[in-house]
1. Name the single residue, out of those in the range 145-154 being modelled with pLDDT under 85 and of a type in the set (A, V, I, L, M, F, W, C), that is farthest from Y30 (Cα to Cα).
2. Return the residues of the range 13-64 that are of a type in the set (K, R) and closer than 17 Å to M95 by Cβ; say none if nothing qualifies.
3. Are there any strands (runs of 3 or more DSSP E) wholly within the range 1-83 with 2 or more residues that are at pLDDT 90 or above, and if so which?
4. Checking E119 against (1) modelled with pLDDT of 85 or more; (2) within 20 Å of I45 (Cβ to Cβ), which single condition isn't satisfied?
5. If only one of Y104, Y158, Y142 is among the hydroxyl-bearing types (S, T, Y), farther than 16 Å from N27 by Cβ and modelled with pLDDT of 85 or more, which one is it?
Amino acid sequence: MKSPFLQIAEAIRNKRKAKLQTQRRANIEYCTKTAKASFTYEDLIPIPDDEYDRLVARLEERVAKEKSDEPFEITTRFGYALPNIFAWREIVASMKTRVRDAYYIHPSDHTPDEDCHHETLVFFCFRSSDESWKQLCGREGYMLICPECLMIQGFVHYIMN
């Protein structure tokens, strides 16, 4: 039989875990509604830790080869330049070191972008670098990417400084 102290500690831990899960779901629902996404919280398939580690390692390798000299600015389809806010190196760093909250989107729950015809997209919690937070331009939110063609499909933040 557990001591009363251990029972109280376990109850507090369970309550914190439930609160974190509720907050995570609220953040995801906010981001999907704001982005007018074609999928909901129930459509998301959690990525197991070992598979997540393989995905991040594969992304890191591809980014090092294919995106080594990312521009500081990107040209929009309207012809003007914008800062390249989220470079792929920063995205991979976020996936490696920050919040490990990532999901696959079931193929039937989204329509592939016209530039991207892959069916498997990854929806994950992105947090910009510590340096961006020090410079008062940090962001945290959910990002939708295609790991096959290295395209950012969308990003909605729920924290910004």
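The values are calculated or read from the model by the stated rules, or taken from the named source; none is laboratory data. What you see is a predicted model; the values in this text were computed from it and never measured. Glycine gets a Cβ as well: all are built from the backbone with ideal geometry, and neighbour counts include every protein chain shown.
1. C149
2. Within the range 13-64, R24, R54, R58, R62 meet the criteria.
3. 44-46
4. Answer for E119: the failing condition is (1).
5. Y104
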